[in-house]
Amino acid sequence: MLFPTTDFAIFFVLVFLGHWLLNPHPTRWKLFMTAASYVFYAWWDPRLVWLLAASTLISQTGALAVARVRTPKGRRGAMIAAVGGQLALLGWFKYYGFFAVSFDNLLRSVGLGSAFPLLQVTLPVGISFYTFMGISYVVDVYRGDTQPAPWLDFFVYQSFFPHLIAGPIVRARELVPQIQERRDPRRIDVGRAAYLIWGGLFKKVVLSSFLASAIVDPVFGAPRAHSSLEILIAVYAYAVQIYADFSGYTDIAIGIALLLGFTLPQNFNCPYAATSAQDFWRRWHMTLSRWLRDYLYIPLGGSRGSNAQTYRNLIFTMVLGGLWHGAAWTFVAWGLLHGIGLAVGKYRRDRRARLGIAEPTDPLRVGLQRFWTFQFVCLGWLLFRADSIATAAVMLWRILTAWGPAPLVTPLVLLAIALGIGTQYVPRRFPQRVEASFAQLTAAAQGAALGVTLMVITTLGPQGVAPFIYFRF
């Protein structure tokens, strides 16, 4: 079920009413919200609802075992078993085909034939997000950072529909306490919720969809048919498309949760204003960045060892982060590129510290850092979007050599790219003022403003709505 659809609008109205009617009755409310979230998930494929339930059962059983076992070895074993169960589900549904085909191709290249049956395994929507949530829950219980939640509370946490399909990746200690509290409808921040939902709809339905159809899909679909300038602008357009698409989903999810009385963590903070690869990952998909740091990078050793070990940990973490995004060598290469970027950035920061050189603060130097960081990120997006490493190489080569006319590079395309990037440099106080001004309007004025905005979005948007990009990760 897509957010910007009539189906979801009807679904949400019914859930909103049921949610607030049952709010004074905790057990019935939790049963209702769990059922509603499972209906939301089943809308794509009812046959895969069991997978969400299995992931929930594995995590909760593992967390309870970790809490009840007294010996350190037993607690560790229970944690490993639960995490292993989650990874087994993720590995089978998301990575079996990738590794089977890759290994099969390797064996064929040396004349040894096939090794595994090449099965067509359906990729369940959102599996990467809810398995990561389940893993973080079990590990946090093992570390003593949180206590096991009651069964019904955990079912609500794991399946809560606003974040179920594409995040944010919410920790149990961030959401479970909110599930256990009674929400006060008088304290709902309607102004902020409306700002986030309507802004997210504009980013997804108008900005992302336009750039996808106008230049990104045609160029990435047939790069040999396009000129240098078209390919270069298509890469920049994809940077805006994926940002508008994913941050748009996140904004809608956070806004919907606000209307239900819940606060979800921020997931984006002007990533294209970053001054380094490290700064980019502090701003882009922030809940994933923190997850990779806390549950992969730090357990690997983080920065506690030698410099070489730290660089290795950074690169290995980002390679696995790339593989998390998709079962393809392009995602591995994308993760490797960012891992190398993080390692080089750390080397430079350490060298500056040794030499006593302060980080530049003058506007020109900072502007250059932002410019080159954006070029680096866009190089990664080319790998991320291309259907193969070979296609990415062709596009890079044609950027340098295929000079010619560029009919797809229209003023409207350039304006959309400028809008997507330029808005990230708008001071935070401006949207805050807009939110505050909206909140001060009467209910009738708010309704009229939202109606006009929705009409504009519907007019400018395409017929139908494509799935969000991160639904397949």
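Read the figures in this text as sums done on the coordinates, not as results from a lab. Values in this document were obtained by computation on a predicted structure and should not be read as measured data. So basically every Cβ, Gly included, is an ideal-geometry build from the backbone, and we count neighbours across all protein chains shown.
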- Message: Just want to confirm a number: the relative contact order over the stretch 6-186, from Cα pairs under 8 angstrom separated by 6+ residues, in percent.
- Response: 28
- Tell me, what HN-Hα J-couplings in whole Hz come from the Karplus equation 6.51 cos²θ - 1.76 cosθ + 1.60 at θ = phi - 60° for each residue of the stretch 302-319, using x for Gly and Pro? x, 10, 7, x, 6, 4, 4, 5, 4, 4, 4, 5, 4, 5, 5, 4, 6, 4
- Query: If you place +1 on the Cβ of every Lys and Arg, -1 on the Cβ of every Asp and Glu, and leave all else neutral, what size is the dipole of the stretch 348-473 about its Cα centre, to the nearest 20 Debye?
  - Reply: 520
- Using every pair of alpha-carbon atoms in the stretch 6-186, split the distances into 10 Å bins beginning at 0 and state the percent of pairs per bin, rounded to integers. 9, 31, 30, 18, 8, 3, 1, 0
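So what is the diffusion coefficient of the stretch 265-320 in µm² per second by Stokes-Einstein at 10 °C and 1.306 mPa s, using a Kirkwood Rh over Cα pairs?
Stokes-Einstein gives a translational diffusion coefficient of 135 µm²/s.
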- Based on the Cβ-Cβ distance of Arg70 and Asp145, what FRET efficiency does E = 1/(1 + (r/R0)^6) give at R0 = 25 Å, to the nearest 0.05? 0.85
- Could you work out the longest stretch of the chain that avoids the trypsin sites (Lys or Arg not before Pro) located in DSSP loops with at most 12 other Cβ atoms within 10 Å? 305-427
- Under 20 Å Cα-Cα from Lys94, which aspartates and glutamates qualify once same-chain neighbours fewer than 8 residues away are excluded? Asp45, Asp104, Asp387
- Message: I'd like the FRET efficiency for Leu320 and Thr61, computed as 1/(1 + (r/R0)^6) with the beta carbon distance as r and R0 of 25 Å, rounded to 0.05.
- Response: 0.50
- Volume of the Cα convex hull of the stretch 215-280, divided per residue and given in Å³: 101
- Tell me the label-point distance for the pair Ile389, Gln446, using the 7 Å Cα-to-Cβ offset, in nm and rounded to one decimal. 5.4
- Query: For the chain, what's the radius of gyration and Dmax over Cα atoms, in angstrom?
  - Reply: 23.4, 74
- Query: For the chain, what is the charge dipole size about the Cα centre, in debye to the nearest 20, if Lys and Arg each add +1 at the Cβ and Asp and Glu each add -1 at the Cβ?
  - Reply: 1380
- Tell me the label-point distance for the pair Leu21, Asp350, using the 7 Å Cα-to-Cβ offset, in nm and rounded to one decimal. 6.2
- Distribution output for the stretch 360-415: share of Cα-Cα pairs per 5 Å bin in percent, first bin at 0, values 4, 15, 14, 18, 23, 13, 8, 4, 0
- Could you work out the Kirkwood radius for the stretch 190-460, taking every pair of different alpha carbons, averaging 1/r and inverting it, reported in Å? 20.4
- Note on the stretch 1-99: contact order normalised by length, alpha-carbon pairs under 8 Å, 6 or more apart, percent, works out to 17
- Query: Which FRET efficiency, nearest 0.05, do Ala225 and Arg312 yield, Cβ-Cβ r, R0 41 Å?
  - Reply: 0.50
- Along each of the three principal axes of the Cα atoms of the stretch 233-392, give the extent in whole Å, ordering the values from largest to smallest. 51, 42, 38
- Relative contact order of the chain: what whole-number percent is it, with Cα pairs under 8 angstrom and at least 6 residues apart? 18
- Counting other Cβ atoms within 10 Å of each Cβ, which chymotrypsin sites (Phe, Trp or Tyr not before Pro) in the stretch 374-441 have at most 12 and sit in a DSSP loop? Trp403
- Express in nm, to one decimal, how much length is gained between Leu152 and Leu414 on full extension, taking 0.36 nm for each residue of separation and deducting their alpha carbon distance. 89.3 nm
